[in-house]
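Worksheet for the structure shown next.
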Amino acid sequence: MKQLLFIRHNFEKWEDMEKAVEDTTSLSPDETANMYIELTSDLAFAQTHYAGSRIELYLNRLAAALHNEIYRNKREKWSRLITFWTHELPLTLYQERRLLLCSLIITLVSAFIGAVSQWADPEFCRVILGDSYVDMTLENIKNGTPMAVYNSDEENEMFLAITFNNIGVSFKAFAAGLLTCLGTGCILFQNGIMLGAFETFFAQHELFWESVLAVFLHGTLEISAIIVAGAAGIALGNGFVFPGTYPRLTAFRRGAKRGLKIVVGTMPIFILAAFIEGFVTRHTDIADELRAAFILLSLAFVIFYFVVWPQKVFNNSTNINNHD
């Protein structure tokens with residue numbers, strides 16, 4: 001059978017399967033199983049006769065989505081919670097890897113702009129960070145305690161305040177996607193400008209290394225989680241603006257579902273970052289080598305969980321589908 005004829009013969013059926021994947025609860029277990037068997041049969045046919053074609057890739061992705069829905073809907077408790085972190089979230093991160101890269105680029109470019117602006121105008125930080133914060137920091141620098149802002153409050157109180165603030169920022173970045181992806185882009189741009197101006201401000205006072213060790217002790221996880229939350233917001237916005245072959249409302253729901261899953265996945269990262277900022281960052285007397293090692297360890301975790309592991313999960317899912 002020619003590829004075009006194969007597509008025409010099955011196109012409506014695949015469209016129905018796409019809609020069913022969005023809500024497998026409307027199907028009985030037998031219907032879901034039959035659909036999966038039929039879909040994998042089409043996939044096997046495409047792999048045999050149209051290897052490497054777009055239709056093979058399409059069916060492979062559709063089969064993977066249905067496989068994940070079947071797996072997700074198993075009545076499990078603790079194991080379901082584990083698979084969310086080890087399988088569902090990483091697979092979603094892989095599917096949205098381009099948006100994650102886009103979020104990272106926006107943050108890096110805006111941080112560079114903030115750094116250049118602060119270097120050109122030493123008063124620029126007052127516009128971004130506020131006069132009161134800058135004056136307080138200048139006073140701390142004068143007193144020989146440039147990072148005193150991190151021990152200005154009691155540890156537990158600071159931990160809770162930072163946790164709620166960080167989670168609020170992540171949901172703000174996600175919700176801004178309702179204003180299209182530009183809304184989330186503005187949030188990321190603002191945070192990047194602040195980061196670049198902040199670090200350059202300390203560099204201008206010959207305290208760059210100290211600020212990096214203090215800020216990125218918790219900031220490696222915190223900033224990474226904001227970037228990931230930004231990808232969730234862009235996914236939400238793109239679902240409405242760029243629906244592709246789906247109806248706009250369906251594409252929006254898909255984007256919202258994926259984005260919300262990503263945002264929920266950042267919560268433990270934000271909590272851990274807040275714990276470090278509230279209880280550890282304040283101890284600036286910790287050896288520089290130890291703080292640098294912890295920053296590198298945090299960075300290694302971020303790269304592994306948000307980049308390497310999603311790729312591995314996707315490859316494993318593909319192999320399972322191919323085997324089936």
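The values are calculated or read from the model by the stated rules, or taken from the named source; none is laboratory data. Since this is a predicted model, take the numbers as computed values, not measurements. A quick note on method: Cβ atoms are made from the backbone with ideal geometry, for glycine too, and the neighbour counts reach across all protein chains shown. The area values use the complete protein model at the heavy-atom level, side chains included, leaving out ligands, DNA and RNA. Shrake-Rupley method; radii C 1.70, N 1.55, O 1.52, S 1.80 Å.
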Worksheet, complete the sentence: Going through segment 99-155 in order, the residues found to be more than 28 Å from the chain's Cα centre (by Cα) and among the hydroxyl-bearing types (S, T, Y) are S132, Y133, T137, T145, S152
Fill in: Residues located in segment 200-250, provided they are charged (D, E, K, R) and buried (at least 21 other Cβ atoms within 10 Å of the Cβ)
E222
Item to complete: Could you list, in sequence order, all residues of segment 265-310 that are outside any helix (DSSP H, G or I), crowded, with 18+ Cβ neighbours inside 10 Å and not basic (K, R)?
Response: T281
Worksheet item: Out of all the residues in segment 22-41, which are modelled with pLDDT of 70 or more and either under 17 Å from L59 (Cβ atoms) or surrounded by 13 or more Cβ atoms within 10 Å (Cβ to Cβ) (or both)?
Response: E22, T32, N34, M35, Y36, I37, E38, L39, T40, S41
Worksheet item: Listed residues G177, G130, G196, G192; which is open to solvent by less than 70 Å² (accessible area, probe 1.4 Å), modelled with pLDDT under 90 and not β-branched (V, I, T)?
Response: G177
Worksheet entry | Residue tally, condition open to solvent by 60 Å² or more (accessible area, probe 1.4 Å) and in contact (Cβ under 8 Å) with a residue 60 or more places away in the chain, over segment 109-127 | 6
